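What follows is a single structure, written as structure tokens, with notes after it.
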Amino acid sequence: MLDIHVEHDGEVVLIEVSGRVDSMTANQFGEALNQAIDEGNINIVADLSGVEYMSSAGLREIVAALKKVKRASGDLRIAQPSNRVMEVFEMAGLDTILQIFSSAQEAVGSF
Amino acid sequence: MTIQEHRLRIPALQEKVKEACEFVSRLARAAGMNDDAIHRYYLAIEEICTNIIEHGYSQADYADQQPVIDLVCRQYPDRLSVTILDDAIPFNPLERAEPNPTTALEEREGGGWGIFFVKKYMDRVTYQYAEQRNQLTLEKRIR
């Protein structure tokens, strides 16, 4: 199970995720992202500072959500990925597609 | 040369994949692998077992019996080898076209990254279909 905390900061939704994002739990992450998007939010920050592990199942959720918000001229930005999560982003080439920030505050402020 | 062999059978259920990952992680740690190598083995086992459950076994009717995934770990002096065996239709994941990390966002379809990561994380990955089973072997040097 993941711990997911969602809060609104002006026009931006901050989704803080803690735990292991794997093939069992990635759908929880995806549901949180989709719920935010379905509520009309297109500027989203995913704070991954509490995520020590992410497999391809987690990447699928990020790519799906990113496509949705981009189509609506919004963005999904990432804050504080661990080295291991960053390595997975880099292998999949997502480090060049995603905007990645060293703090949630910086990511929220970038919109 | 001494080879230590350990085996595990899990029902092919998503909630059992963690058991397989932890089994291999424990052996990797006991073999002297560092935390990064153990992490890479963990992720590789998750990706392979998940593919078998989501794609291999989803293509046939196993209503009468619970399909299984077997893991055979062999520790050699210089490397750890994990063979993952399943009874789904023959499928060599190494022949699947690799996803391209430079693909633009809108053209990304989401699939194929699991085996791509496995190939990146392991030193050697081989496939054979023998005794009516898919057999994928992942090898990583211990040091």
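A short reminder: the numbers here are calculations on the coordinates, not readings from a lab. Please read all numbers here as calculations on a predicted model, not as lab measurements. Glycine gets a Cβ as well: all are built from the backbone with ideal geometry, and neighbour counts include every protein chain shown.
Let me confirm one metric for peptide B:109-120, namely the mean number of other chain beta-carbon atoms within 10 Å of its residues' beta-carbons. Walk me through the intermediate numbers first.
Numbers: counts 2, 9, 2, 2, 11, 6, 1, 3, 7, 1, 0, 4.
The mean count of partner-chain Cβ atoms within 10 Å per residue comes to 4.
The angle between the Cα long axis of helix A:56-71 and the longest principal axis of the Cα atoms of chain A comes to about 20 degrees, rounded to the nearest 10. Annotation note: chymotrypsin sites (Phe, Trp or Tyr not before Pro) in the stretch A:1-99 located in DSSP loop regions with a Cβ neighbour count of at most 13 within 10 Å are absent.
Taking only C-alpha pairs under 8 Å that are 6+ residues apart, what is the relative contact order of chain A in percent?
Details: 206 pairs, mean separation 28.7, N = 111.
With pairs under 8 Å counted, the relative contact order is 26 percent.
PRE reach from A:Ser102 (point 7 Å along Cα→Cβ): which of the stretch A:35-57 fall under 17 Å by backbone N? Backbone N within reach: A:48-49. Per-residue mean of foreign Cβ neighbours for A:53-64 is 5 (Cβ atoms of other chains, 10 Å radius). Sparse packing (at most 14 other Cβ atoms within 10 Å of the Cβ) combined with a DSSP loop state is found for the following GluC sites (Glu not before Pro) in the stretch B:9-118: B:Glu109. Close amide H pairs (under 5 Å, H built 1.01 Å from N) link A:Ala79 with A:Ala46, A:Asp47, A:Leu48, A:Phe101, residues at least 5 positions away or on another chain. Put a dot 7 Å past the Cα of A:Glu31, heading toward its Cβ, do the same for B:Asp64, and the two dots end up 3.6 nm apart.
Shown for A:Arg71, A:Arg20: other C-beta atoms within 10 Å of each C-beta, ranked fewest to most, produce the order A:Arg71, A:Arg20. Here the stretch B:71-104 is scanned for amide nitrogen atoms under 13 Å from the site 7 Å beyond the Cα of B:Ile142 along Cα-to-Cβ, giving B:74-81. Mind checking which of B:Arg124, B:Arg96, B:Arg79 has the largest fluctuation in a GNM of chain B, springs on alpha carbons under 10 Å? Greatest mean-square fluctuation among the candidates belongs to B:Arg96.
Would you please classify the overall shape of the stretch A:2-109 from the alpha carbon gyration tensor, given that a ≥ b ≥ c denote the square roots of the eigenvalues, rounded means a/c under 1.5, and beyond that prolate means a/b larger than b/c while oblate covers the rest?
Details: a/c = 1.33, a/b = 1.28, b/c = 1.04.
Here the stretch A:2-109 falls in the rounded category.
Residues considered: B:Asp64, B:Asp86, B:Asp78. Largest GNM mean-square fluctuation over chain B, using C-alpha springs under 10 Å, is found at B:Asp64. With N as its number of residues, the stretch B:1-81 has a Cα radius of gyration that, divided by 2.2 N^0.38 Å, comes to 1.19.
Inter-label distance, A:Glu90 to B:Asp123: 2.1 nm, where each label sits 7 Å from its Cα along the C-beta direction.
Go ahead and estimate [θ] at 222 nm for chain B from helices alone: -39,500 (n - 2.57) per DSSP H run with n ≥ 4, summed, over the residue count, rounded to 500.
Here the helix-only value at 222 nm equals -9000 deg cm²/dmol.
The Cα-based radius of gyration and maximum Cα-Cα distance (Dmax) for the protein assembly as shown are 19.3, 65 Å.
A simple charge model with +1 on the Cβ of Lys and Arg, -1 on the Cβ of Asp and Glu and nothing else charged puts the dipole of the stretch B:4-141 at about 620 debye relative to its Cα centre.
Taking the number of Cβ atoms within 10 Å of each Cβ as an exposure proxy, the fewest-first ranking of B:Ser58, A:Ser23 is B:Ser58, A:Ser23. In terms of overall dimensions, chain B has a Cα radius of gyration and Dmax of 15.3, 52 angstrom. Could you list the residues of the stretch B:68-111 with an amide nitrogen less than 15 Å from a label point located 7 Å from the Cα of B:Met1 in the Cα-to-C-beta direction? So the set is B:74-82. Spatial offset of the stretch B:74-97 relative to the stretch A:1-42 amounts to 34 Å, using the alpha carbon center of each. Only lysine pairs 8 or more places apart, or on different chains, with alpha-carbon atoms under 25 angstrom apart are counted in the protein assembly as shown, and they number 8.
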